[in-house]
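Below is one structure, written out as structure tokens; comments come after it.
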Amino acid sequence: MDEAPRPAVSALTSMRATRWFTTTPVAEEQLRQVLEAGRWTGSARNRQPWRFVVVRSRAVRQQLATLGAYAGHLATAPVVIALGVEEHAGGEDAQFDAGRAAQNMMLAAHLQGLGNCPASFFPAENADRAGLLCGLTPPWRVRTAISIGHPAPTPAGTSAIPAGRLPLTDLVTEIPDQHH
């Protein structure tokens, strides 16, 4: 079960979080493509319970970077996309749908050679503060933002996060068909 991915899937399996960026700006067309990928993401009952806030302001990016335990990369990325989610009207599946949109935007960035990394804002007070920094008020809440930019080399000794992936044999359980 642990065979190499096919070429079409390798674009998905090769994406890695990028937390270090160069100062090169993200081209407008690249950003538009990322936002289009988010816009075209499916959602439960086509509610589209999200709004995308493009943050270029260094001051706002630096403030957002303080609102999550692992959000520091937001301060140094040339652009950040904050995901505003209408949690109450969007139903219980709104955050799941927002995660789908975030993943699509991250993949669109990756396919264009851009690095990216999500950041989560917790506890709830941090999500509320992120929303206000992004100009959104209830019922909109910002729990997630994505840093986007041209990847820079990772400084030596900066990651305490383990690398690699568990094999499928450790992750997958199969229930066979009993009607043979």
Query raised in the report: If you average the sequence gap of Cα pairs under 8 Å that are 6 or more apart and divide by the length of segment 51-126, what percent do you get for the contact order?
Result: 33
Requested in this report: For n ≥ 4 DSSP H runs only, could you compute -39500 (n - 2.57) per run for the chain, divide by its residues and tell me the 222 nm figure to the nearest 500?
Outcome: -9500 deg cm²/dmol
Query raised in the report: Working out 0.36 nm times the residue gap between Thr137 and Ala156, then minus their Cα-Cα distance, what length gain in nm do you get to one decimal?
Result: 2.8 nm
Query raised in the report: By how many nm would the segment from Arg39 to Arg6 grow when fully extended, if each residue of separation counts as 0.36 nm and the alpha-carbon distance is taken off?
Result: 9.2 nm
**Report entry** From phi via Karplus (6.51, -1.76, 1.60), per-residue ³J(HN,Hα) for segment 60-75 in Hz, x at Gly/Pro
**Finding:** 5, 4, 5, 5, 4, 4, 8, 9, x, 4, 10, 9, x, 5, 5, 5
Query raised in the report: Cβ under 13 Å from Ser14's Cβ, Ser14 left aside: what net charge do those residues give with Lys, Arg +1 and Asp, Glu -1?
Result: +3
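If you filter segment 1-85 for trypsin sites (Lys or Arg not before Pro), then keep DSSP loop positions with at most 16 other Cβ within 10 Å, what is left?
Sparse-neighbourhood loop trypsin sites (Lys or Arg not before Pro): Arg16, Arg47, Arg56.
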Query raised in the report: Can you list the residues, at least 5 places off or on another chain, whose amide H is less than 5 Å from the amide H of Phe21, using H built in the peptide plane?
Result: Ala152
Report summary line: In nanometres, the difference between 0.36 nm per residue of separation and the alpha-carbon distance of Glu125 and Phe96 is 8.4 nm
Query raised in the report: If contacts are Cα pairs under 8 angstrom and at least 6 residues apart, what is the relative contact order of segment 42-180 in percent?
Result: 27
Report summary line: Those trypsin sites (Lys or Arg not before Pro) from segment 73-171 that are DSSP loop and have at most 10 other Cβ neighbours within 10 Å turn out to be Arg165
Report summary line: At the level of C-alpha centres, the distance separating segment 1-70 and segment 113-180, in angstrom, is 10
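All of the numbers you see were taken from the coordinates with simple rules; none came from a lab. In this text the structure is predicted, and so the values were computed from the model without any measurement. Cβ atoms come from the backbone with ideal geometry, glycine included; neighbour counts cover every protein chain shown.
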